[in-house]
Amino acid sequence: MRNIDLQMLRVLEEIFKTGSLSRTADRFGMSQPAISLILNKLRDHYDDRLFVRVGHEMRPTSQAEGLRESIGAAIAALESAMNYRSTFIPEQTERSFGIAVTDIGQIVMVPTFLKMFRARAPLAGINISSIDARTPQLLQTGELDLAVGMAPGMPSGLIQRALFDESFVVLVRSGHPRIRDRITAEQFAAEGALRVISSSSTHLIIDRALERLGIARNVQVSVPNFLIVAKLIAETDYVTILPRRAGTVLARENGLQALTPPFEIADYTVRQFWHERQTNDGGNRWLRDLFVQLFRSEQSELDQAELYNP
């Protein structure tokens, strides 16, 4: 079969229909010698003349007649395989998706994302996990559809797409005895600081910025994620720096203050990652686009919002 291709099978089928090499050549826009060459290759393959001239027509041999139905079925199957495109209908799918998200993403994006997901794919399921060292492998094997967040350790072999750029805020409790509606660099350095060392590695951006500016913060507490930050800040006089979206959400939900930092910290980019073999998968593409829509609408609201300061 290495010497047989779809075009040759189509030529064979056309000879069945026309009974003529010249008319077959006209149908394919080829020369008659080219059609004869294809027929000779098929004759060699099947070890049979396949068609013999009777008067002005090419009539099939008995072996060719036996092939006729199979040739049509083979062409249909090959065309179906080559033209196949998976159809994904969110409203009907019962597919279960897997996404990995940074801890801060679980605070900021997952609640709103799940509302959109549920509204558009009510029968689908979703498994949410944290980004960790196994995430790239799980994307490669297909156990994960998507990873979302700031993940600088992702290998270059994965496809990525920027979702949005993120800045930072300083989070303090309302009624802080020394900080009102703004904070100075001197106040920040003097207060006890809470440092978050998270999977998103945003703490490294903060550390480098403070080191470059020569600001030494008084770190008194370190925590491994953002999940307990709001409670600790609400019940103490600690200050902390965290990404703006998370800070705004935590401030709004816990009566805290999200203040503009008194020094410049470079923004960072939040991205989504997937394996190249999932690029044309209809469900994966829909999932990726859903995140894009989520942050496009959220960015519009965020651009118009003031930092939260009750």
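The values are calculated or read from the model by the stated rules, or taken from the named source; none is laboratory data. Keep in mind the model is a prediction, meaning the values are calculated, not measured. Please note: Cβ atoms are built from the backbone with ideal geometry, for glycine as well, and neighbour counts cover all protein chains shown. In case anyone asks, the SASA skips ligands and DNA or RNA and just uses the protein heavy atoms, side chains included. Shrake-Rupley method; radii C 1.70, N 1.55, O 1.52, S 1.80 Å.
Between amide H atoms placed 1.01 Å from N, distances below 5 Å from Phe168 occur with Arg244, all of them 5 or more places distant or on a separate chain.
Between rounded, prolate and oblate, where does region 120-174 land on the alpha carbon gyration tensor, with a ≥ b ≥ c its root eigenvalues, rounded for a/c under 1.5, else prolate if a/b exceeds b/c? Because a/c hits 1.5 or more and a/b fails to exceed b/c, region 120-174 counts as oblate.
Taking Cβ atoms as reference points and 15 Å as the exclusive limit, the residues near Arg288 contribute a net charge of +3, counting Lys and Arg as +1 and Asp and Glu as -1.
Taking every DSSP beta bridge that has both ends in the chain, the antiparallel portion is near 60%. Applying 1/(1 + (r/R0)^6) with R0 = 22 Å to the Cβ-Cβ distance of Leu78 and Arg27, what FRET efficiency is obtained, to the nearest 0.05? With R0 = 22 Å, the Cβ-Cβ based efficiency is 0.75. For the peptides 29-37, 232-240, the ranking by packing is 232-240, 29-37, with the highest mean count of neighbouring Cβ atoms within 10 Å listed first. When the Cα positions of Leu21, Val196, Gln106 are compared along the charge dipole of the chain, Leu21 comes out farthest toward the positive end, with charges on each C-beta of Lys, Arg, Asp and Glu. Sequentially through region 21-28, phi angles give Karplus couplings (6.51, -1.76, 1.60; θ = phi - 60°) of 6, 5, 5, 5, 4, 4, 4, 9 Hz, Gly and Pro residues having no value and appearing as x. Using a 10 angstrom cutoff on alpha carbons, build the Gaussian network for the chain and name the most mobile of Pro122, Pro60, Pro111. Taking springs between Cα atoms under 10 Å, the residue moving most is Pro60. Based on alpha-carbon atoms, the Kirkwood radius and the radius of gyration of region 142-195 give Rg/Rh equal to 1.21.
Between Val223 and Ser129, the contour length at 0.36 nm per residue exceeds the Cα-Cα span by 31.9 nm. For region 157-257, the dipole from Cβ point charges (+1 on Lys and Arg, -1 on Asp and Glu) about the Cα centre works out to 140 debye, to the nearest 20.
Gyration tensor over the Cα atoms of region 225-302: the corresponding equivalent ellipsoid has semi-axes (square roots of 5 times the eigenvalues, largest first) of 33, 14, 13 Å. Straight-line cross-link partners of Lys115 among the lysines, defined as a Cα under 26 Å from its Cα and at least 8 positions apart when in the same chain: Lys231. Each peptide in 268-274, 155-161, 130-136 receives the mean, over its residues, of other Cβ atoms within 10 Å, and ordering these scores from highest gives 268-274, 130-136, 155-161. Taking the centroid of alpha carbons for each part, region 121-145 and region 205-238 are 30 Å apart. Counting only aspartates and glutamates at least 8 places from Lys41 when in the same chain, those with an alpha carbon closer than 16 Å to its own are Asp5, Glu13, Glu14. Taking Cβ atoms as reference points and 11 Å as the exclusive limit, the residues near Thr141 contribute a net charge of +1, counting Lys and Arg as +1 and Asp and Glu as -1. For the peptides 93-103, 179-189, residues were scored by their other Cβ atoms within 10 Å and the scores averaged per peptide; the highest-first order is 93-103, 179-189.
Percent of accessible area on region 142-285 owned by carbon and sulfur, 1.4 Å probe? Exposed carbon and sulfur together represent 47 percent of the surface.
Here's the picture: charge each Lys and Arg Cβ at +1 and each Asp and Glu Cβ at -1 in the chain, and of Gly247, Thr184, Leu37 the one pushed furthest to the positive end of that dipole is Leu37.
Could you work out the local net charge near His176, counting Lys and Arg as +1, Asp and Glu as -1, over the other residues with Cβ closer than 14 Å to its Cβ? Around His176, the surrounding residues sum to 0.
Evaluated with a Cβ-only charge set (Lys, Arg +1; Asp, Glu -1), the chain carries a dipole of roughly 400 debye about its Cα centre, given to the nearest 20. Counted over all Cα-Cα pairs of the chain, pairs farther apart than 25 Å make up 63 percent. Within region 258-300, the ratio Rg/Rh, alpha carbon atoms throughout and Rh by Kirkwood, equals 1.18. One compactness figure for region 69-158 is 1.51, namely its Cα radius of gyration divided by 2.2 N^0.38 Å.
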